[in-house]
2 protein chains.
Amino acid sequence: MTTRRIKNMDEFAGLVGISRPTISKYFNDPDRVRPSTRLKIEEALERYDYRPNIFAINQNRRLTKNIGIVVPYLADPFFAEIARVLERRCIDAGYTPSLFSSHGQQSLENAILDSLRSIKPAGVLLAPLGRISDKKHIEAFCRDVPTILFDSNIEGLGAGFVGSDNFSFVSQTVEYLSRTGSTPSFFEMKNPANPNANKRREAYLKMMNRLNLEPHVISIEGEGWNFEEIGRQGALNVLNGKKLPSNSVLCSNDRLAIGLLSACHELGIKVGRDDTCHIRVASHDDHPYSRFTCPSLTTAAHDYESVSSHAVETLFRLIESGGRLDKREEKLFAARLIMRGSA
Amino acid sequence: MTTRRIKNMDEFAGLVGISRPTISKYFNDPDRVRPSTRLKIEEALERYDYRPNIFAINQNRRLTKNIGIVVPYLADPFFAEIARVLERRCIDAGYTPSLFSSHGQQSLENAILDSLRSIKPAGVLLAPLGRISDKKHIEAFCRDVPTILFDSNIEGLGAGFVGSDNFSFVSQTVEYLSRTGSTPSFFEMKNPANPNANKRREAYLKMMNRLNLEPHVISIEGEGWNFEEIGRQGALNVLNGKKLPSNSVLCSNDRLAIGLLSACHELGIKVGRDDTCHIRVASHDDHPYSRFTCPSLTTAAHDYESVSSHAVETLFRLIESGGRLDKREEKLFAARLIMRGSA
DNA sequence: TTTTTTTATTTACGCGCGTAAAATAAATAT
DNA sequence: ATATTTATTTTACGCGCGTAAATAAAAAAA
């Protein structure tokens, strides 16, 4: 490799002895030039350090190879993990993903979409804030940019949605708890940030009805994405005041459960499934930390792999078909019950 | 706002009745055009929906307004949190941050730096992997791109380093534990991924020596960034086998401590500071989850605000001075002891 | 070998903007 | 009012590449 720096494709083309447009074709698809030409280019690429200017490329291409990935809250390891997998798959497919977090704020979600527009992405994978999303804004965005929603569905928005089947989560946990001798109460935020929470409450009510058990929904106060603290405070209020309606609590999600476990520990309430324990606690999501809580958390796990791979595949299909799908696609994946110490 | 779409600055300039270069100047700095001209432009901006093409801008500017933020592991809420603050500050200063996670892999860290090069960033905030970083690669990168290291220092690399003072962390926790009646053992990974870990061990040994106490370092096996599981396995081995050298354990970082607490719970070892407890546990970092462990974790907190603001300020200063600082700057911030239930 | 078809390469133009240098207008001094 | 200085604006050029249309080369058919 020569130390000489090549400033543009023209210069590189001169060095190879081929016209610049042919070099350009090579970079867009090495198979679209003659093998002998390809060889010459790749030999030169070994000798000289040249890379096309990404800004010039993106300015001239009708569509970039950029993909936007937007999650509502990146400090939540659940989203960090799914973002990691999505990034990986985009890179493997030759795209350039950019990761953004709305940090739970509508204004930021809107700003991210605006700035995404300016990088003319081929497509966007969006996990919206949900209830507090600016639906008009997202709708306008989706009209211009091929977008697949994931994690949290907003009816009618985007070309499709890929997520987990909330009923599958709740039905398994409710069935497990009741089969093993408990009548679960449902512990949730009164004003959940995420639409999945509502679906989970509905699923709980439906399952309890189906099993002929009396449902008890414990709705706690709190706003925002600081779920652990909200869960802890809510649990302290509930546990300090009256007795729980039953000796088993099913949390809407793991982060609330983490807060609940923290409150139980503070109050000396022993959680677990053996006889010495006061209550059982189960939850949903299989949060990365749920196996390290004390006790470890019985929960229902997302099928990360399926959700992420299907989301990416759907987006690629959407991009290849010019940004339009025949009809909005929805795909839900079932959960898997993970039995641990808490229930 | 008219529905008409404006495709370029030329067209917009025509609509305003001013030449394009003047419009260009306005977008780079509204104060550099005559007030009357500015008014005309801003009135037109209200009426028409026009935004300069970011790719064309970046292609032609000698330096972009992009800033790269690279963290070793985004699924760690600690880094997610600091990345959030850094992003915010960059945006407020008129820059466009891009967030990347090395996911604990050297190859990824290298790839991220390579792709960062291609977006010609004004500067980069890099929290390197540390021990497993490809130092040559980072060094070459830093020669071309103004870079400030944060969180984890690599001697001599980058124009500066901003982080926390590991001795401040450890001295406070060791002092606290010993003052309140315990002789802390130090719980750490034998081959820590992060250079901070080595500094913390050294600080522990120094403090114990200064206090005339006998040090005990418990070095557990394990590779990678899955610290909680490593801590849990290591703790199970230690606790199952021999007795602990003392009834108080100081963990190198909170994530290991979370694993340790999990192991203690499994084994029925009660953690806390009152008489009914078997051991006390303290740690370092004030991880976002450390207040929700059972019991809540006594730890030493980073000064997030100071570290992030100083990192960003140093980078801006570096950028403004043309990418060179007189000498490599190092700045460390002291920790703050957070007393909770575990010790 | 010559003609036709297919594939690859080159020519020519444009993308949307930054920016130095030249021209003009405004402000100040005479 | 005129000359000088200073602040703005315009002219003119270039950035590095994509791409349609024109040309040339290779492959296939006659």
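The values are calculated or read from the model by the stated rules, or taken from the named source; none is laboratory data. None of these values were measured; they are calculated from a predicted model. Every residue, glycine among them, receives a Cβ derived from its backbone with ideal geometry; neighbour counts consider all protein chains shown.
Side notes on the structure shown:
- Residue check, A:Ser283 touching an Asp or Glu at 6+ places or on another chain (Cβ under 7 Å), assigned to a strand (DSSP E or B) and farther than 30 Å from A:Asn66 by Cβ: yes
- Picking from residues in the stretch A:9-42 that are among the charged types (D, E, K, R) and in a loop (DSSP other than H, G, I, E, B), the one that is nearest to A:Asn60 (Cα to Cα) is A:Asp29.
- Near pairs, Cβ below 6 angstrom, 6+ apart or cross-chain, from the stretch B:87-99 (closer than 19 Å to A:Leu113 by Cβ and crowded, with 20+ Cβ neighbours inside 10 Å) to any residue that is modelled with pLDDT under 90 and not hydroxyl-bearing (Ser, Thr, Tyr): none
- Scanning the stretch B:216-256 for residues being among the hydrophobic types (A, V, I, L, M, F, W, C), away from chain A (no Cβ under 14 Å) and part of a helix (DSSP H, G or I) gives a total of 2.
- Residues of the stretch A:134-150 classified as among the hydrophobic types (A, V, I, L, M, F, W, C) and assigned to a loop (DSSP other than H, G, I, E, B), total: 1
- Of all residues in the stretch A:1-27, those satisfying the criterion of being closer than 21 Å to A:Lys65 by Cβ and either surrounded by 12 or more Cβ atoms within 10 Å (Cβ to Cβ) or away from DNA strand D (no atom under 13 Å from the Cβ) (or both) are A:Asn8, A:Met9, A:Phe12, A:Arg20, A:Thr22, A:Ile23, A:Ser24, A:Lys25, A:Tyr26, A:Phe27.
- Failed criterion for A:Arg62 (all others in (1) basic (Lys, Arg); (2) in contact (Cβ under 8 Å) with a residue 24 or more places away in the chain; (3) surrounded by fewer than 18 Cβ atoms within 10 Å (Cβ to Cβ) hold): (2)
- Scanning the stretch B:50-78 for residues that are farther than 19 Å from B:Phe12 by Cα, part of a loop (DSSP other than H, G, I, E, B) and either more than 9 Å from chain A (Cβ to nearest Cβ) or more than 16 Å from DNA strand C (Cβ to nearest atom) (or both) returns B:Arg61, B:Arg62, B:Leu63, B:Lys65, B:Pro72, B:Tyr73, B:Leu74, B:Ala75, B:Asp76.
- Residues of the stretch A:48-65 that are over 21 Å from A:Leu116 (Cβ atoms) and near DNA strand D (Cβ under 8 Å from one of its atoms): A:Tyr50, A:Arg51, A:Pro52, A:Asn53.
- Condition check for B:Asp10: away from DNA strand C (no atom under 12 Å from the Cβ) and in contact with a Lys or Arg (Cβ under 9 Å, 6 or more places away or on another chain): no
Residues are listed down the side, and each one gets a yes or a no for (1) under 30 Å from the mean Cα position of the chain (by Cα); (2) under 30 Å from A:Tyr73 (Cα atoms); (3) surrounded by fewer than 24 Cβ atoms within 10 Å (Cβ to Cβ):
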{"residue": "B:Asn253", "(1), (2), (3)": "yes, yes, no"}
{"residue": "B:Leu256", "(1), (2), (3)": "yes, yes, no"}
{"residue": "B:Leu261", "(1), (2), (3)": "yes, yes, no"}
{"residue": "B:Glu266", "(1), (2), (3)": "no, no, yes"}
{"residue": "B:Ile279", "(1), (2), (3)": "no, no, yes"}
{"residue": "B:Ser283", "(1), (2), (3)": "yes, yes, no"}
{"residue": "B:Ser296", "(1), (2), (3)": "yes, yes, yes"}
{"residue": "B:Ala300", "(1), (2), (3)": "yes, yes, no"}
{"residue": "B:Asp303", "(1), (2), (3)": "yes, yes, yes"}
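- Residue pairs whose Cβ atoms lie under 8 Å apart, sitting 6 or more positions apart in sequence or on different chains, and linking a residue in the stretch B:127-144 that is closer than 22 Å to B:Ser98 by Cβ to a partner that is outside any loop (DSSP other than H, G, I, E, B) and acidic (Asp, Glu), are B:Pro128/B:Glu109; B:Leu129/B:Glu109; B:Ser133/B:Glu109; B:Asp134/B:Glu109; B:His137/B:Glu109; B:Ile138/B:Glu109.
- Counted residues, the stretch A:172-208 - those being without any contact (Cβ under 8 Å) to a residue 40 or more places away in the chain, on the phi < 0 side of the Ramachandran plot and surrounded by fewer than 17 Cβ atoms within 10 Å (Cβ to Cβ): 7
- Condition check for A:Leu45: under 42 Å from the mean Cα position of the chain (by Cα), more than 7 Å from DNA strand D (Cβ to nearest atom), closer than 23 Å to B:Gln59 by Cα and in a loop (DSSP other than H, G, I, E, B): no
- Cβ-Cβ under 8 Å pairs, at least 6 apart or on other chains, the stretch B:209-221 side exposed (fewer than 14 other Cβ atoms within 10 Å of the Cβ), far side of a type in the set (Phe, Trp, Tyr): none
- All conditions but one from (1) over 27 Å from B:Ala122 (Cα atoms); (2) more than 15 Å from DNA strand D (Cβ to nearest atom) apply to B:Lys40; the one that does not is (2).
- For the residues A:Val124, A:Val145, the requirement of being closer than 25 Å to B:Gly94 by Cβ and within 16 Å of the chain's Cα centre (by Cα) singles out A:Val124.
- Meets criteria (charged (D, E, K, R) and closer than 20 Å to B:Cys264 by Cβ) for A:Asp274: yes
For every residue, the table says whether it meets (1) touching a strand residue (DSSP E or B) at 6+ places or on another chain (Cβ under 9 Å); (2) within 11 Å of another protein chain (Cβ to nearest Cβ); (3) of a type outside the set (Lys, Arg); (4) in contact (Cβ under 8 Å) with a residue 40 or more places away in the chain.
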position	(1), (2), (3), (4)
B:Leu260	yes, yes, yes, yes
B:Lys270	yes, yes, no, no
B:Asp274	no, no, yes, no
B:His284	yes, no, yes, yes
B:Ala335	yes, no, yes, yes
B:Met339	yes, no, yes, yes
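- Unmet requirement for B:Ser107, which otherwise passes all of (1) within 14 Å of DNA strand C (Cβ to nearest atom); (2) more than 19 Å from A:Ser101 (Cα to Cα); (3) within 13 Å of chain A (Cβ to nearest Cβ): (1)
- Yes/no for B:Val85 being in contact with a strand residue (DSSP E or B) (Cβ under 7 Å, 6 or more places away or on another chain) and more than 16 Å from DNA strand D (Cβ to nearest atom): no
- Hey, B:Leu86 within 14 Å of another protein chain (Cβ to nearest Cβ) and in contact with a Ser or Thr (Cβ under 8 Å, 6 or more places away or on another chain) or not: yes
- Exclusive hit being of a type in the set (D, E, K, R) and outside any helix (DSSP H, G or I), set A:Arg201, A:Arg131: A:Arg131
- Output for the stretch A:12-29, where each listed residue is in contact (Cβ under 8 Å) with a residue 12 or more places away in the chain and closer than 21 Å to B:Ser118 by Cβ: A:Phe12, A:Leu15, A:Val16, A:Ile23, A:Ser24, A:Tyr26, A:Phe27
- All conditions but one from (1) within 16 Å of DNA strand C (Cβ to nearest atom); (2) acidic (Asp, Glu); (3) touching a Phe, Trp or Tyr at 6+ places or on another chain (Cβ under 9 Å) apply to A:Asp29; the one that does not is (3).
- Residue count, the stretch A:147-158 (criterion: surrounded by fewer than 24 Cβ atoms within 10 Å (Cβ to Cβ) and either among the β-branched types (Val, Ile, Thr) or at negative phi (or both)): 5
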